[in-house]
Amino acid sequence: VSWDDITTFLQRLNAQTPGVTYRLPTDAEWEYAARAGTTGETYGTLDAIAWYNGNSATRTHAAAGKQANAWGLYDMIGNVWEWVNDWWGAYSSASVTDPTGPATGTYRVLRGGSWYSGIPGARAASRYDHAGQSTRNNYYGFRLVRTP
């Protein structure tokens, strides 16, 4: 799925759900949710929580096939790279709370690694920046944020 595909999907979904809005998370929101209060590279043993190139048999797996993080979120690391709303950009050197990315850019951010990723790419801090927002791949996916 591409970032553009998700935008079209969100427009249709939001038109059907008055009073509720769905959107992609920001880069910071995604990482906060992936970490679920932890500070390490992963929220558990990699083989227990993620599909990556060491255990995936080179394919995407159904959701929730591995252990969830402490907040009950599955597949935050590995399986598919997840699109977020932010444009790619360097992090601010200043202390910030709930930051958003640059207002414009060339690439959108994908997070968390995929079944194709090696161990260095399968971690909560993993970011990918080489996909234009119209790029589709069999290891790109997304999750949504719902706001009342």
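Go through segment 67-83 and report how many residues are more than 15 Å from residue 113 (Cα to Cα) and free of Cβ contacts under 8 Å to residues at least 40 places away in the same chain.
6
Condition (residue is under 17 Å from the mean Cα position of the chain (by Cα), in a helix (DSSP H, G or I) and modelled with pLDDT of 95 or more) applied to segment 52-70: is it met by at least one residue?
No, because not a single residue in segment 52-70 is under 17 Å from the mean Cα position of the chain (by Cα), in a helix (DSSP H, G or I) and modelled with pLDDT of 95 or more.
Write out, first by first residue and then by second, each pair whose Cβ atoms fall under 7 Å of each other, whose residues are 6+ apart or on separate chains, and whose first residue, in segment 1-24, is free of Cβ contacts under 8 Å to residues at least 12 places away in the same chain while the second is part of a strand (DSSP E or B) and among the polar types (S, T, N, Q).
Every condition considered, the pairs that remain are 14/21.
Does segment 101-129 hold any residues that are open to solvent by 30 Å² or more (accessible area, probe 1.4 Å) and either hydroxyl-bearing (Ser, Thr, Tyr) or in a helix (DSSP H, G or I) (or both), and which are they?
Answer for segment 101-129, where residues must be open to solvent by 30 Å² or more (accessible area, probe 1.4 Å) and either hydroxyl-bearing (Ser, Thr, Tyr) or in a helix (DSSP H, G or I) (or both): 104, 106, 107, 116, 119, 120, 128.
How many residues, within segment 68-124, are acidic (Asp, Glu) and out of contact with any strand residue (DSSP E or B) (no Cβ under 6 Å at 6 or more places or on another chain)?
Qualifying residue count, segment 68-124: 2.
Could you list, in sequence order, all residues of segment 35-56 that are of a type in the set (Ser, Thr, Tyr) and open to solvent by less than 30 Å² (accessible area, probe 1.4 Å)?
52, 56
The values are calculated or read from the model by the stated rules, or taken from the named source; none is laboratory data. The structure presented is a predicted model; accordingly, all values stated were derived computationally and were not measured. Every residue, glycine as well, gets a Cβ built from its backbone with ideal geometry; the counts of neighbours run over all protein chains shown. We work out accessible area using only protein heavy atoms, side chains counted, and drop any ligands, DNA or RNA first. Shrake-Rupley method; radii C 1.70, N 1.55, O 1.52, S 1.80 Å.
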